[in-house]
Amino acid sequence: MERRLAAILAADVAGYSRLMGADETGTLTLLTRHRTELIEPAVARHRGRVVKLMGDGILAEFASVVEAVSCAAEIQRDMAERNAAEPSSGRMEFRIGVHLGDVIAENGDIYGDGVNIAARLESIAEPGGIRLSRQAYDQVEGKLELNFRSQGPQTLKNIARPVDVFAVDLGGIVAKPRTALHQEIKYCRTAKGVRLAYAAVGSGPPLVKTANWLNHLEFDWESPVWRHVLHGLARDRTLIRYDARGNGLSDWDVDEISFDAWVRDLETVVEAAGIKRFPLLGISQGCAVSIAYAARHPERVTKLVLYGGFAVGKAKAARSEAERDEAAAMLTLARVGWGKSNPAFRQLFTSQFIPDATKEQADWFNELQRKCTSPECAVRYLEAAGAIDVCPLLGQVRAPTLVMHARGDERTPFERGREMAAGIPDARFVALDSRNHMFLENEPAAQRFFEELRLFLGQDN
């Protein structure tokens, strides 16, 4: 038994169990090819050794952190090039974590917290991504032509202390889908003359996203709260989305803000975009709008995806005086403090939507609220959302439906999502491990969301 300091690289396949469920033989063949042709030679070139293979997992050890991170970057770049020639259903993507730590070596294997931390870092990496610990980052900073983004201290499963995490930007090769995206914003008008801004971005089969509260077609791309969501949605598809009335680039000065108006607006955008059949995605109160549209237009919605939603609005669902008082208090806060330069009032909303946000993410969300809508529109929006009740429509949904919800959602309780799913015939329900209403980029919930989405929509490609 020997103790030593080592750079540890841990890798696994994103969504491996689902790939195996869909095509066991094909998945094993593809994994073996990537290992023998790409991964094992890369480890050897960077003077490392493969310690062991574990199902879809790979554990490698290096004497140098620079070599370990260089190897990780090479693997991800080469995998990105291989995947570029494949349809989305035929892609295999790895997640990689790298840590510098103490290990115990025995009989060719390595053990200890150093190995555990590398494995946990891998688990929070996005498909095609790399995560480093602070210890690894300090050794490579300024030594490689890579950009790094701090993810802040992260609490990793079964690791006693928070770990400072850094994400690797692979110079536009793995991130190519992000840099290549070009959004085209257009406008259409409803039957009553309300101007709606909508946009298409990406390429491939269409995916329509229903508008939800606090969207802005332009600023969302700059936001650390929304940009990872948009990049993920547009990765293999043409994403069509729009700003709701009273919100973003659409008209703010409107006579009507209501649930029925939101459904009509979705109908207007779909017609303007000229698409006939498509999967439909709803987030938050956009879920109820999506349900109503799917019930009205079963011939157009091929699949329905609902995240963080509810069938009954907060005010309508309030069962106690305390719940009714809370709903009224939030309206008062919006009316009084929404437009102020001091974000203190809006921070109360932010703490409900993304309680685990970093300061940068919280600041962006606070500012996004102010840029997206006026105090008057915010109040009207909350009132309309609070009065939603689509329970009678749930049983009318005919499209295959996937419902996802964060277990610890502090804005829309988990039970609301489960109740909504239970009312839709044959809907599949997936619980995500998060407290945030909108999952953040560095959460395992983000990885799970996109894995489930790709698997569910895959047959539409």
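The values are calculated or read from the model by the stated rules, or taken from the named source; none is laboratory data. Quantities reported herein were computed from a predicted structural model and do not represent experimental measurements. All Cβ positions, even for glycine, are placed from backbone atoms using ideal geometry, and neighbour counts span all protein chains on display.
Here are the numbers:
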| item | result |
| --- | --- |
| Candidate set from segment 390-419 (those that are in a strand (DSSP E or B) and of a type outside the set (Val, Ile, Thr)); member that is farthest from the chain's Cα centre (by Cα) | LEU402 |
| Pairs where the first residue, in segment 264-278, is in the same structural domain as ALA288 (by TED's automatic domain parsing) and aromatic (Phe, Trp, Tyr) and the second is crowded, with 18+ Cβ neighbours inside 10 Å and in a helix (DSSP H, G or I), C-beta under 9 Å, 6+ apart | PHE278/VAL270 |
| Candidate set: segment 344-380, residues that are in a helix (DSSP H, G or I) and over 24 Å from the mean Cα position of the chain (by Cα); chosen: the one surrounded by the fewest Cβ atoms within 10 Å (Cβ to Cβ) | ALA344 |
| Answer from ALA431, ALA422 - the residue that is outside any loop (DSSP other than H, G, I, E, B), in the same structural domain as ARG237 (by TED's automatic domain parsing), over 18 Å from THR302 (Cα atoms) and without any contact (Cβ under 8 Å) to a residue 12 or more places away in the chain | ALA422 |
| Counted residues, segment 421-461 - those being closer than 22 Å to GLY21 by Cα and not charged (D, E, K, R) | 18 |
| Number of positions in segment 133-161 that are at pLDDT 90 or above, of a type in the set (S, T, N, Q) and in contact with an Asp or Glu (Cβ under 8 Å, 6 or more places away or on another chain) | 1 |
| Residues being of a type in the set (A, V, I, L, M, F, W, C) and closer than 26 Å to LEU440 by Cα - total across segment 289-330 | 10 |
| Residue match in segment 73-94 (condition: of a type in the set (Ser, Thr, Tyr), assigned by TED's automatic domain parsing to the domain that holds ALA160 and within 26 Å of THR25 (Cβ to Cβ)) | yes |
| Hits in segment 53-73 (condition: assigned to a strand (DSSP E or B) and closer than 16 Å to GLU122 by Cα) | LEU53, MET54, GLY57, ILE58, LEU59, ALA60, GLU61 |
| Residue in segment 211-227 that is at pLDDT 95 or above, touching a strand residue (DSSP E or B) at 6+ places or on another chain (Cβ under 8 Å) and within 24 Å of GLY309 (Cα to Cα) present | yes |
| Selected residue (only one of VAL289, VAL263, VAL225, VAL270 is surrounded by 22 or more Cβ atoms within 10 Å (Cβ to Cβ), under 16 Å from ILE388 (Cα atoms) and in contact with a Phe, Trp or Tyr (Cβ under 9 Å, 6 or more places away or on another chain)) | VAL289 |
| Failed item, numbered, when LEU207 is tested on (1) among the aliphatic types (A, V, I, L, M); (2) under 17 Å from the mean Cα position of the chain (by Cα); (3) modelled with pLDDT under 95 | (3) |
| Within segment 362-406, considering residues that are modelled with pLDDT of 95 or more and charged (D, E, K, R), the one farthest from LEU281 (Cα to Cα) | ASP389 |
| Search result, residues across segment 122-132 that are modelled with pLDDT of 95 or more and not in a strand (DSSP E or B) | none |
| So GLU81, is it out of contact with any Lys or Arg (no Cβ under 9 Å at 6 or more places or on another chain), in contact (Cβ under 8 Å) with a residue 60 or more places away in the chain, surrounded by fewer than 18 Cβ atoms within 10 Å (Cβ to Cβ) and in a helix (DSSP H, G or I) | yes |
| Residue in segment 93-105 that is modelled with pLDDT of 85 or more and surrounded by fewer than 16 Cβ atoms within 10 Å (Cβ to Cβ) present | yes |
| Flag for GLU67 being more than 21 Å from the chain's Cα centre (by Cα), outside the structural domain of LEU455 (by TED's automatic domain parsing) and closer than 20 Å to THR29 by Cβ | no |
| Boolean, ALA446 is over 20 Å from the mean Cα position of the chain (by Cα), outside the structural domain of ILE96 (by TED's automatic domain parsing) and closer than 25 Å to LEU233 by Cα | no |
| Filter pass, ALA322 being in the same structural domain as TRP262 (by TED's automatic domain parsing), farther than 30 Å from GLU299 by Cβ, surrounded by fewer than 15 Cβ atoms within 10 Å (Cβ to Cβ) and of a type outside the set (Phe, Trp, Tyr) | yes |
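One line per residue, one yes/no per condition, for (1) touching a Gly at 6+ places or on another chain (Cβ under 7 Å); (2) more than 30 Å from ASP255 (Cα to Cα):
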residue: CYS377; (1), (2): yes, no
residue: GLU383; (1), (2): no, no
residue: ALA387; (1), (2): yes, no
residue: PRO392; (1), (2): no, no
residue: PRO400; (1), (2): no, yes
residue: VAL403; (1), (2): yes, yes
residue: ALA406; (1), (2): yes, yes
residue: ARG411; (1), (2): no, no
residue: GLY417; (1), (2): yes, yes
